[in-house]
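Just below is one structure, and these are the notes that go with it.
The values are calculated or read from the model by the stated rules, or taken from the named source; none is laboratory data. All figures in this text were calculated on a predicted structure; none of them were measured in a lab. The area values use the complete protein model at the heavy-atom level, side chains included, leaving out ligands, DNA and RNA. Shrake-Rupley method; radii C 1.70, N 1.55, O 1.52, S 1.80 Å.
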Amino acid sequence: MNDESPKYVAYTSKPLTAEQLAELDALASRGDDEIDFSDIPEAGNEFFDNAKRGSMYRALKAQLTIRLDADILDWFKRHAKDGKGYQTDINKALRAYVTAQEKRAQKKAG
């Protein structure tokens with residue numbers, strides 16, 4: 001089977017109940033001055049000094065079959081903790097490569 005179209009895994013949540021929708025509508029209609037922040041500490045400079053941009057981002061995954069050189073695959077499997085997570089490690093290596101290439105292209109263009 002040689003299907004060229006990528007397969008994406010998308011997760012959906014359960015639909016909200018009528019009660020939940022009504023609560024959200026009521027909250028949306030309130031003004032900012034009606035929000036009580038007294039139980040929430042203000043985020044100071046220390047928070048933002050340690051903040052990481054994009055740490056909550058999860059890219060959409062595409063399932064595919066890919067052929068890799070056996071020695072490359074073996075290396076990733078050997079360096080993965082208990083042989084698990086090697087696919088994530090391969091993805092991270094590819095993402096680092098893509099990011100580096102995009103930065104390189106930006107430097108050339110700019």
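Structure values in brief
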| quantity | calculated |
| --- | --- |
| Qualifying lysines (Cα of each under 27 Å from Cα of residue 7; at least 8 residues distant if same chain) | 61, 77, 84, 92 |
| Relative contact order (%) - the chain, alpha-carbon pairs under 8 angstrom, separation at least six | 33 |
| Portion, in percent, of the accessible area of the chain that falls on carbon or sulfur, probe 1.4 Å | 53 |
| Solvent-accessible area per residue, Å², over the chain with all protein chains present [probe radius 1.4 Å] | 103 |
| Listed residues 18, 80, 62, most fluctuating in the chain (Gaussian network, C-alpha, under 10 Å) | 18 |
| Spread of Cα-to-Cα distances over 10 Å intervals beginning at zero, given as percent, for the range 19-76 | 14, 17, 26, 19, 11, 13, 1 |
| Nearest-ten-degree value, helix 86-109 long axis tilted from longest Cα axis of the chain | 80 |
